[in-house]
Amino acid sequence: MNKVLYLLFISIFWLDYLSLKLNLISRYVTWLPEILSICAVTLVALYASRGDIAIRAKYVIFFIVFLVHISIGIVLNAVPAGPMVIGLRTYLKFLPFFLLPAVYSFTDAQVRNQLRFLLFLVLLQSPLAIFQKFNFLERGKVSGDWVTGTLTSSGQLNVVLVCAIAVVMGFYLSKKIKFVPFCMFLCLLFVPNALNESKASVIYLPVAMMGPAMLLPGYKEKLKKLLPLFIIVLIFSVAFIGLYDKFKTNRASQREGLIAFFTTQGRMEHYLYRAAEAGKPIHQLGIIDSILLPLQVLSKDIFKLGFGLGIGNVSESFLSSLSGEYAKNYGKLGAKSTAIGLFLWEIGLLGVLLYLLLIYMIFSDARYLSRRGGLYGSLGPGWGTVMILVGMALFQKNIFLENVTGYLFWYLSGYVAATRCRFSREAGSAGRAVMRSLG
């Protein structure tokens, strides 16, 4: 079981890079994660047949409701078979890895080693990001969008890094990582964030660094002890702004820095919202435009507003026969620029609310684990913060289309949910034992 996960981790971090960026391997090899998803389905079915499934009723109800929801969307829009297959692949391929921890109980040692291996893979992004930054600068490509590490986009790299910072912070505050290694990890995780020049990091980084502290029990009484953490956040914030401005305002780019972006009247507003309208020529979209456009179009039909145009029906495919019916018309309206935008187009407003509900459910389980000791008490505050970051990223990036963010989100969330379930069962068994002894 463990070998499947390590193979998954390596494949999602490296295969797309080796194929799409370096052209060293065939595009077909990049399908390995999806083949592993099929293997995971078999493993889940095999272990589930033994009867010991650690999944709480709320998740069972959620997935039933979600499957019914997307089925209604498919029927209402008469989604063709090709786009439907693409849609099912997009929305459900990660699910087996969410269920895997529910049917197979990984030991604490196994999970620690998995997290260490993932940290190693993420830390590798730093030297590669440095090489990419200066290599691309020499070639006249000044934008930080070219700095992707082994991932497929700078936005995906940014989200993975801030989530890793949150998890590392949780382990540090739980005294599972010493100060010197912690500072080393933080620096290595910070560097690519500065080099890829993501404006969202100004918001993500403070949340990633302070969120775990807020989720730890008794944080109000520990505020004085958290003073060094506030200083670290301040130092990294100043360093990030300095590095960002250095690269943005160099002679080659002649582009404004971060401070100017936030202080120049109308600059940030124009970046976020450009008043795009369906049916009119659109040159560029702001983040808010990609969310308002589907609401503008779908609000004309209450059922489409609620259930969307059907999974896969607004998505493009490298095979034209598999592209959605609305991909050509609405794909250019930013359907893939944000997760919320795509969800609104394909699964509607109700689908968006379901995803937000799922994130909250996982957050509540992570917060519960934060009150425990050991591995769980260390992972809980970090993963609870990851849920906050994921909720924020839904409005900025389409993180669920990417393998790294998708697979890691679903697997580790599944582990948190299954662990919470097992703790609840143990507490229930202990309570019944006490009642029997009193009786």
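Are any residues in the stretch 32-76 of a type in the set (Gly, Ala, Ser), under 25 Å from VAL314 (Cα atoms) and touching a residue at least 12 places away in the same chain (Cβ under 8 Å), and if so, which ones? Before the answer, list the steps.
First, pick out the residues of the stretch 32-76 that are of a type in the set (Gly, Ala, Ser): 37, 40, 45, 48-49, 51, 54, 57, 71, 73.
Checking the rest, the ones that are also under 25 Å from VAL314 (Cα atoms) come to 37, 71, 73.
Answer for the stretch 32-76, where residues must be of a type in the set (Gly, Ala, Ser), under 25 Å from VAL314 (Cα atoms) and touching a residue at least 12 places away in the same chain (Cβ under 8 Å): SER37, GLY73.
Based on what the data block shows, is LEU15 in contact (Cβ under 8 Å) with a residue 24 or more places away in the chain, hydrophobic (A, V, I, L, M, F, W, C) and surrounded by 14 or more Cβ atoms within 10 Å (Cβ to Cβ)? So LEU15 does not fit the description; no. Pairing each residue of the stretch 375-401 that is in a helix (DSSP H, G or I) with any residue that is of a type in the set (Asp, Glu), provided the two are 6+ apart or on different chains, yields C-beta distances under 6 Å for LEU375/ASP108. Residue check: CYS163 meets all listed conditions (1) surrounded by 24 or more Cβ atoms within 10 Å (Cβ to Cβ); (2) free of Cβ contacts under 8 Å to residues at least 60 places away in the same chain; (3) not β-branched (Val, Ile, Thr) but one, namely (2).
Looking at the stretch 43-54, can you tell me whether even one residue there is on the phi < 0 side of the Ramachandran plot, surrounded by fewer than 17 Cβ atoms within 10 Å (Cβ to Cβ) and within 23 Å of the chain's Cα centre (by Cα)? Within the stretch 43-54, none of the residues are on the phi < 0 side of the Ramachandran plot, surrounded by fewer than 17 Cβ atoms within 10 Å (Cβ to Cβ) and within 23 Å of the chain's Cα centre (by Cα). Among the residues making up the stretch 60-102, those that are outside any helix (DSSP H, G or I) and either in contact with a Lys or Arg (Cβ under 7 Å, 6 or more places away or on another chain) or closer than 22 Å to ILE35 by Cα (or both) are LYS93, PHE94. When you scan the stretch 174-189, do you find a residue that is more than 16 Å from the chain's Cα centre (by Cα), over 26 Å from LEU216 (Cβ atoms) and of a type in the set (S, T, N, Q), even just one? No, that holds for no residue. For the stretch 276-320, the set of residues classified as of a type in the set (Val, Ile, Thr) and at pLDDT 85 or above consists of VAL297, ILE302, ILE311, VAL314, listed by residue number.
When residues in the stretch 103-114 are screened for being in contact (Cβ under 8 Å) with a residue 40 or more places away in the chain and either in a loop (DSSP other than H, G, I, E, B) or surrounded by 18 or more Cβ atoms within 10 Å (Cβ to Cβ) (or both), 6 of them pass.
For SER337, the requirement of being more than 16 Å from ALA166 (Cα to Cα), of a type in the set (Ser, Thr, Tyr) and without any contact (Cβ under 8 Å) to a residue 24 or more places away in the chain is not met.
Just one of the listed residues (SER299, SER317) is surrounded by fewer than 16 Cβ atoms within 10 Å (Cβ to Cβ) and either free of Cβ contacts under 8 Å to residues at least 12 places away in the same chain or among the hydroxyl-bearing types (Ser, Thr, Tyr) (or both), namely SER299. Close Cβ contacts (under 6 Å, 6 or more residues apart or on different chains) running from residues in the stretch 77-102 that are in contact (Cβ under 8 Å) with a residue 24 or more places away in the chain to residues that are among the hydroxyl-bearing types (Ser, Thr, Tyr) and not in a helix (DSSP H, G or I) comprise ILE86/SER315; ILE86/SER317.
For residues that are of a type in the set (A, V, I, L, M, F, W, C) and surrounded by 17 or more Cβ atoms within 10 Å (Cβ to Cβ), scanning just the stretch 67-85, find the one that is farthest from ILE302 (Cα to Cα).
Of the stretch 67-85, the ones of a type in the set (A, V, I, L, M, F, W, C) are 67-68, 70, 72, 74-76, 78-79, 81, 84-85.
Filter again for surrounded by 17 or more Cβ atoms within 10 Å (Cβ to Cβ), leaving 70, 72, 74, 76, 79, 84.
Details: ILE70: 16, ILE72: 14, ILE74: 16, LEU76: 12, VAL79: 18, MET84: 22 Å.
Filtering first and then ranking leaves MET84.
In the set (1) under 26 Å from LEU216 (Cβ atoms); (2) surrounded by 16 or more Cβ atoms within 10 Å (Cβ to Cβ); (3) at pLDDT below 95, the condition left unmet by ARG371 is number (2).
The values are calculated or read from the model by the stated rules, or taken from the named source; none is laboratory data. Not measured: the values here are computed from a predicted model. Neighbour counts are summed over all protein chains in view; Cβ atoms, including those assigned to glycine, are modelled from backbone coordinates with ideal geometry.
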